[in-house]
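To start, I am sharing the structure in question, which I have written as structure tokens.
Only the coordinates and a few stated rules stand behind these numbers; no lab work does. As the structure is a prediction and not an experimental result, all values here were calculated from the model. Methodologically, a virtual Cβ is constructed for each residue, glycine included, from the backbone with ideal geometry; neighbour enumeration extends over all protein chains shown.
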Amino acid sequence: MTGYGEAQGEAGGVSYAIEVKTVNNRYFKTIIKLPEPATFMEEDIDRLLRKNISRGTVNYVLRLKDASSSAMFDIDEAGLQVVVEKLSRAGSSSGINGTIDISNLLTLPGIIQPALPDVKKAEKIKKIVLEISQKALDKLRQMRATEGGCLEADVKKCCAVIEEELKQIRGRSSIVLREYAEKLKKRVNELLAHAEIKIDEGILAREVAVFAERSDISEEVSRLDSHLQQFEQCFNGIEQVGRRLDFISQEMLREANTIASKAADTETTRYVVNIKCQIDRIKEQVQNIE
């Protein structure tokens, strides 16, 4: 499910701003962006994200703001001195006079380096960042819970439509068999009318029985109805139901396809088409459910 959460905090002259975003993904994936002085916390942040979120692509961003210079970076003074001396010698040997702009030299690779905190300071920073991260995650989960309520209502609406179509299919089963028997008897009588031969009722009964066995969808209808009940039960207090619902929806589609292949009635086929449309919508929606 999509979601967004953010939180800020300040400690030791350093301001922390954290954003967490999630987008739909049937699996769990993290994208963590940290400033160089905070890269040592990546594994701890990843564990915190996995603890709070089980599905989706999670984008985590930590920003450090208004921090003192000593807390943010170190300057390689020895390296800077070497660069200045080389530039001075090059200017003298080539006869070029000019001034050296320190601000431009600071952009050279390796001159400014991230200041790595000591063990004690690192633990303190990690504790602060994880606390702020949890606040952002709490906000994100609230937003995802709201979206989840809308998804649940939509999926249940689809299930209600499927249940109604199944009722229609059950009602058609006996009618289809009777119509087939009458149609078969009429056709055979028409073919044998000129020969003045009367149809054998036993043969007719066997043909109807074969048709009834071949087109019997009662088992598939019962299983599909059972899947619907399991599907709705998943919403009653079960956490992390996304993958379970995904599996059940696949089974529902399999049963619907079997019914469609065995149905010998255009009206039943129309009901099955409607069922498959609803299942496709369910399959699309459950990808967004955690």
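Using each residue's phi in the stretch 220-233, evaluate 6.51 cos²θ - 1.76 cosθ + 1.60 at θ = phi - 60° and report the 3J(HN,Hα) Karplus result to the nearest Hz, with x for Gly and Pro.
5, 5, 5, 5, 5, 5, 5, 4, 4, 5, 4, 4, 5, 5
Full-extension gain between Y27 and K124, please, as 0.36 nm times their residue separation minus the C-alpha to C-alpha distance.
31.7 nm
Tell me which of Q142, L130, A160 sits at the most positive position along the dipole axis of the stretch 123-177, charges placed on C-beta atoms (Lys, Arg +1; Asp, Glu -1).
Going by the Cα projections, it comes out as L130.
Ok, one more. Taking every alpha carbon pair in the stretch 216-290, what does the distance histogram look like in 5 angstrom bins from 0, in percent?
In whole percents, the pair-distance histogram is 3, 16, 27, 23, 15, 9, 5, 2, 0.
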